[in-house]
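Here the structure is laid out as structure tokens; the discussion comes afterwards.
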Amino acid sequence: MQKVNNKWLKLGIEVVVLAALFTLVQYLITAGLLKQYYQISLASMCINVTLAVSLSLINGFTGQLSLGHAGFMAVGAYIAAIMTNMLDLPFITGILAAMLGAGLAGFIIGVPTLRLKGDYLAIATLAFGEIIRVTLQNIGYVNGPAGIMGIPKFATWPWLFGGAIVTIVVIVNLINSSYGRAIISIREDETASELMGINTTKYKVLAFVVGAGFAGLAGALYAHYFYIIKPETFNFLKSFDILVMVVLGGLGSTTGAIIAAVFVTALTAALQSFPAIRMVLYALILIIVMIYRPQGLMGNKELSLRTFGRIWGGRH
Amino acid sequence: MDDINLMEISKLEKSFGGLNAVQDFNFHIAENELVGLIGPNGAGKTTVFNLITGVYKPDNGCIMFRDENLVGMAPHTICTKGIARTFQNIRLFNDLSVLDNVKIAAHKNVPYSLMGAVFRTPGYFRGESEIEAEALHYLEIFNLRNKKDELARNLPYGEQRRIEIVRALATRPLLLILDEPAAGMNPQETQALMELIRYIRKEFNLTILLIEHDMSLVMGVCERLYVLDYGQIIAEGTPAEIRADKRVIEAYLGEDVG
Amino acid sequence: MLEFTQQIVNGLSLGAIYALIALGYTMVYGIIKLINFAHGDIMMVGALVSYFSLTLLGTNIFVAMAAAMIACAVFGVLIEKIAYRPLRNSTRIAALITAIGVSLFLEYFTIFIFGPAQKVFPASAFPIKAYALGGLSVLNKDVFVFVSAVVLMIILQYIIKWTKTGKAMRAVSLDQEAAVLMGISVDKTISITFAIGSALAAAAGVMLGIYYNTVNPLMGIIPGLKAFVAAVLGGIGIIPGAMVGGFVMGLLETMVSGYGNSLYRDAVAFGVLIFILLIKPSGIFGEDTGEKV
């Protein structure tokens, strides 16, 4: 019984903390106490958390290095914008279509490329991401390189915060199940995993599709917050941005990805006027983390209430 | 040997770049039998295991397992048909706990759906405790229950070998294939392992095929032996028959005997 | 037919540049199994060095190219020592991520120092002349690029085939442990490989400066990726493969720009890459290898 109580207690604390955080920000926004700069940073944080957590499912837990995440974000952004801006459909339809569309793109790209290993897979996904961008540049319906402008600003704080939370909950629940263990075993030893009866191809594609789908959600939120999207926004540098967050947080740690996404977003906002310095810093983060702590800040550990409890109680 | 054969292999062939690793390999194993495959290093024993479990595709021949030809099936499908194996060079999921290693092998019988996992349905919680109970049961048999939270990589060699067997068992196989399970163990550990192999065969009604290149070891536990040399079966029979076979002695000691 | 021949003439010099860059990718991959993402950026550094040699020091193009090659050889060795050597025993993914980091660092540190604007490669360094050759128009810069690239490739072939260094390089790429036992210094051989690869990239950078008339901090990205595709196409790790792949990519690109839509010029490279990865990841000259269980 003790175990069951603990489970509910933990869930209760999490819900209360998140609700408080949500309400606080919502209050500050409606009361006009939050400067535009901070509002944009908070929105970017939610979008980046969604991106980082979804990429960490692919890169961190499945162990398949994908460098094309921005491509799936682009698919989601464009589909959602077409739904709301051009077809006048409600935002939720746009979001769902974006997730389905990006997931489908993940499926189409994942099935052939996930046969490749390691660096070959990385390069193939990079190429696919770029092909998505070049294709968008050449489609007249979405204005080619100029992109779509004047997208309705539907992505309010509840949508942004909710999007990030749904992503985290779904991916964490997936990881902490037998399906998640199957996915992680692929990272550990693909051959052994296959010989233990796990259809590794199926689960690699599953992780890729789920990750791509949530990147699509991030794209939809991005399009409806910044109300303008261009193919150039989703080039491979954007994929590298997301990669920096996942690598910094730790390959195989959701909380690590979240913390790193928040940190990197804050850093980006602070260095807004110095884009070159920002990129130099990103580069140094990648190099230094890989040399001195290749498992990332959190490794494959998760930050949990128990960790706080330990610090609180001073026990080891 | 008049029982129904669980697996029957005929005319199996595999070559790597012109080198015949396995040729004209004929083999059968009856239900509940314990058979050994022996031979000098490099004779092609592990290649045979890789062919049976689908890691390699044979060039020719067929592998009948309960009236189904396994040739061309993916390794995970072959595992779901009821064949599980261990590896000569231990291949555990090193950065995961011992318990998770075993749970992963139980995945093929997962009792809840993907959606059940995402939405945390009651079925998910029930299923998870079933999986955990089963995994702990297997660990208990191998006296590893107290190691369940340790990372696989941190365990001593002998325990890692045993976890490999536990993991293979957790897939609920009909045929268990052990690739040099006693490699690197001292005589006492080997003896204990052989006892354990006999025990699990009875307990889980298993058929077991094992590779060893240390002959004395297999002689004690196997009912029937196949001897492989240069990719070909050179002898087959009871341990006593094999011990007396001239070709086997030559294969092990070289051509100059005698 | 004449136009087709003209396109081939145009494509040859571009292909020679890609081949030079691809050689560096393939040599490094062959020896330490790393996709050196920063290779295209080393080429950019080479172009920049030659630019400053031409404008600030007023040297001629040959001195500028030599300066670029020497500077980049040193630079390549330093990058390997600082960023890649500590990772030699870690996963290939970690090394690849580091290489991406080095690439971003070179690009944006250059922007930070020199600004993002593109610089015009001094025309006086290489006055353009056109020759008519049986209805074809051949530019002297194309001839210069093609000839010097081919000369460099011949020198490289000589080094790899006939010198002690070349033998050491081949030995290390075949079996590092065995090479150590034969008394070969692996560290030194890897450094030499980076030096040669980076020098070739620098030469390609100078040629690219002449070819496009401009240099800028991000100029290495796209040619770098295309040369990488060329290396994969020929079979990564295989030196003649990189040369063939480079020429194929150069010709393909001029054909697509000449006959098709130049907006798709860059997409073609990625399309080729995906095609080859899916059909035969080991490339035209490569052999497929399985995993040992």
Quiz prompt | Of all residues in segment B:44-72 being of a type in the set (A, V, I, L, M, F, W, C) and open to solvent by 30 Å² or more (accessible area, probe 1.4 Å), the one that is nearest to the other protein chains (Cβ to nearest Cβ) | solution = B:VAL55
Exercise. Among the residues of segment B:47-72, write down those that are in contact with a helix residue (DSSP H, G or I) (Cβ under 9 Å, 6 or more places away or on another chain), under 26 Å from B:LEU155 (Cβ atoms) and touching a residue at least 24 places away in the same chain (Cβ under 8 Å).
Key: B:THR53
Quiz item: Does any residue in segment B:73-92 that is within 15 Å of B:ASN109 (Cβ to Cβ) and facing another protein chain (nearest Cβ under 7 Å) come within less than 7 Å, Cβ to Cβ, of a residue that is outside any loop (DSSP other than H, G, I, E, B) and acidic (Asp, Glu) six or more places away or on a different chain, and which pairs are these?
Solution: B:HIS76/A:GLU194
Exercise. Kindly provide the set of residues from segment A:242-267 that are surrounded by fewer than 23 Cβ atoms within 10 Å (Cβ to Cβ) and in contact with a Phe, Trp or Tyr (Cβ under 9 Å, 6 or more places away or on another chain), ordered by number.
Key: A:LEU267
Self-check item: Subset tally (residues that are under 23 Å from the mean Cα position of the chain (by Cα) and open to solvent by less than 60 Å² (accessible area, probe 1.4 Å)) for segment C:135-155
Solution: 11
Quiz prompt | C:GLY258 being more than 14 Å from chain A (Cβ to nearest Cβ) and either over 20 Å from the mean Cα position of the chain (by Cα) or touching a residue at least 12 places away in the same chain (Cβ under 8 Å) (or both) | solution = yes
Self-check item: Qualifying positions in segment A:130-147 - open to solvent by 10 Å² or more (accessible area, probe 1.4 Å) and in contact with a helix residue (DSSP H, G or I) (Cβ under 7 Å, 6 or more places away or on another chain)
Solution: A:ILE131, A:ILE132, A:ARG133, A:LEU136, A:GLN137, A:ASN138, A:PRO145
Quiz item: Taking segment A:84-96 as the region of interest, how many residues are open to solvent by 20 Å² or more (accessible area, probe 1.4 Å) and either in a helix (DSSP H, G or I) or among the aliphatic types (A, V, I, L, M) (or both)?
Solution: 7
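The rows are residues; the columns are (1) surrounded by 21 or more Cβ atoms within 10 Å (Cβ to Cβ); (2) at the interface with chain B (Cβ under 8 Å from one of its Cβ atoms).
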residue	(1), (2)
A:LEU160	yes, no
A:ALA182	yes, yes
A:SER185	yes, yes
A:ASP189	no, yes
A:ALA192	yes, yes
A:VAL205	no, no
A:GLY211	yes, no
A:PHE214	yes, no
Self-check item: Unmet requirement for A:ALA81, which otherwise passes all of (1) part of a helix (DSSP H, G or I); (2) open to solvent by 10 Å² or more (accessible area, probe 1.4 Å)
Solution: (2)
Exercise. Check whether at least one residue in segment C:15-38 is charged (D, E, K, R) and at pLDDT 95 or above, and report yes or no.
Key: no
Quiz item: Does segment A:124-140 hold any residues that are more than 10 Å from every other protein chain (Cβ to nearest Cβ) and free of Cβ contacts under 8 Å to residues at least 40 places away in the same chain, and which are they?
Solution: A:ILE139, A:GLY140
Quiz item: Taking the condition touching a Leu at 6+ places or on another chain (Cβ under 8 Å), at the interface with another protein chain (Cβ under 8 Å from one of its Cβ atoms) and free of Cβ contacts under 8 Å to residues at least 60 places away in the same chain, does B:ALA117 pass?
Solution: yes
Quiz item: Restricting segment A:168-180 to residues that are without any contact (Cβ under 8 Å) to a residue 12 or more places away in the chain and closer than 20 Å to A:ALA215 by Cβ, which is farthest from the other protein chains (Cβ to nearest Cβ)?
Solution: A:VAL169
Quiz item: Is it the case that C:PHE75 is open to solvent by 40 Å² or more (accessible area, probe 1.4 Å), away from chain A (no Cβ under 14 Å) and not hydroxyl-bearing (Ser, Thr, Tyr)?
Solution: yes
Practice problem: Filter segment C:170-198 for residues that are of a type in the set (Ser, Thr, Tyr) and either touching an Asp or Glu at 6+ places or on another chain (Cβ under 7 Å) or open to solvent by less than 20 Å² (accessible area, probe 1.4 Å) (or both) and give the result. | Solution: C:THR189, C:SER191, C:THR193, C:SER198
Self-check item: Tally of residues being in a helix (DSSP H, G or I) and in contact (Cβ under 8 Å) with a residue 60 or more places away in the chain across segment C:26-79
Solution: 36
Quiz item: What pairs come up if the first residue lies in segment A:99-123 and is in contact (Cβ under 8 Å) with a residue 60 or more places away in the chain and away from every other protein chain (no Cβ under 12 Å), the second is surrounded by fewer than 23 Cβ atoms within 10 Å (Cβ to Cβ) and assigned to a helix (DSSP H, G or I), and their beta carbons are under 6 Å apart, counting only those six or more places apart or on different chains?
Solution: A:GLY103/A:VAL209; A:GLY106/A:VAL209; A:PHE107/A:VAL209; A:GLY110/A:VAL205
Practice problem: Specify which of the listed residues (C:ILE113, C:ILE100, C:ILE160, C:ILE82) is outside any loop (DSSP other than H, G, I, E, B), within 14 Å of another protein chain (Cβ to nearest Cβ) and open to solvent by less than 30 Å² (accessible area, probe 1.4 Å). | Solution: C:ILE100
Quiz item: List the pairs whose first member sits in segment A:279-290 and is at the interface with another protein chain (Cβ under 7 Å from one of its Cβ atoms), whose second member is of a type in the set (D, E, K, R) and in a helix (DSSP H, G or I), and whose Cβ atoms are under 8 Å apart, counting only residues at least 6 apart or on separate chains?
Solution: A:MET279/C:GLU107; A:TYR282/A:ASP241
Quiz prompt | Residues that are free of Cβ contacts under 8 Å to residues at least 60 places away in the same chain and polar (S, T, N, Q), drawn from segment A:181-203 | solution = A:SER185, A:THR191, A:SER193, A:ASN199, A:THR200
Quiz item: Which of the residues spanning segment B:120-144 are more than 7 Å from every other protein chain (Cβ to nearest Cβ) and among the aromatic types (Phe, Trp, Tyr)?
Solution: B:PHE125, B:TYR138, B:PHE142
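State which residue is surrounded by the most Cβ atoms within 10 Å (Cβ to Cβ) when the search covers only segment B:236-248 and only residues that are touching a strand residue (DSSP E or B) at 6+ places or on another chain (Cβ under 7 Å) and closer than 14 Å to B:MET219 by Cα.
That would be B:ILE242.
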Quiz prompt | Inter-residue pairs, beta-carbon under 7 Å, first in contact (Cβ under 8 Å) with a residue 12 or more places away in the chain and in segment A:151-166, second assigned to a loop (DSSP other than H, G, I, E, B), 6+ apart | solution = A:ILE151/A:TYR227; A:LYS153/A:TYR227
Practice problem: List the number of the failed condition for C:ALA38; all other conditions in (1) under 13 Å from C:GLY197 (Cα atoms); (2) open to solvent by 10 Å² or more (accessible area, probe 1.4 Å); (3) within 14 Å of chain A (Cβ to nearest Cβ) hold. | Solution: (2)
Practice problem: Answer yes if at least one residue in segment C:116-134 is within 25 Å of C:ILE21 (Cβ to Cβ), open to solvent by 60 Å² or more (accessible area, probe 1.4 Å), within 14 Å of chain A (Cβ to nearest Cβ) and not hydrophobic (A, V, I, L, M, F, W, C), and no otherwise. | Solution: yes
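The values are calculated or read from the model by the stated rules, or taken from the named source; none is laboratory data. On a predicted model such as this, the values are computed, not experimentally measured, just so you know. Cβ atoms come from the backbone with ideal geometry, glycine included; neighbour counts cover every protein chain shown. For accessibility, only protein heavy atoms count, side chains too; no ligands or nucleic acids. Shrake-Rupley method; radii C 1.70, N 1.55, O 1.52, S 1.80 Å.
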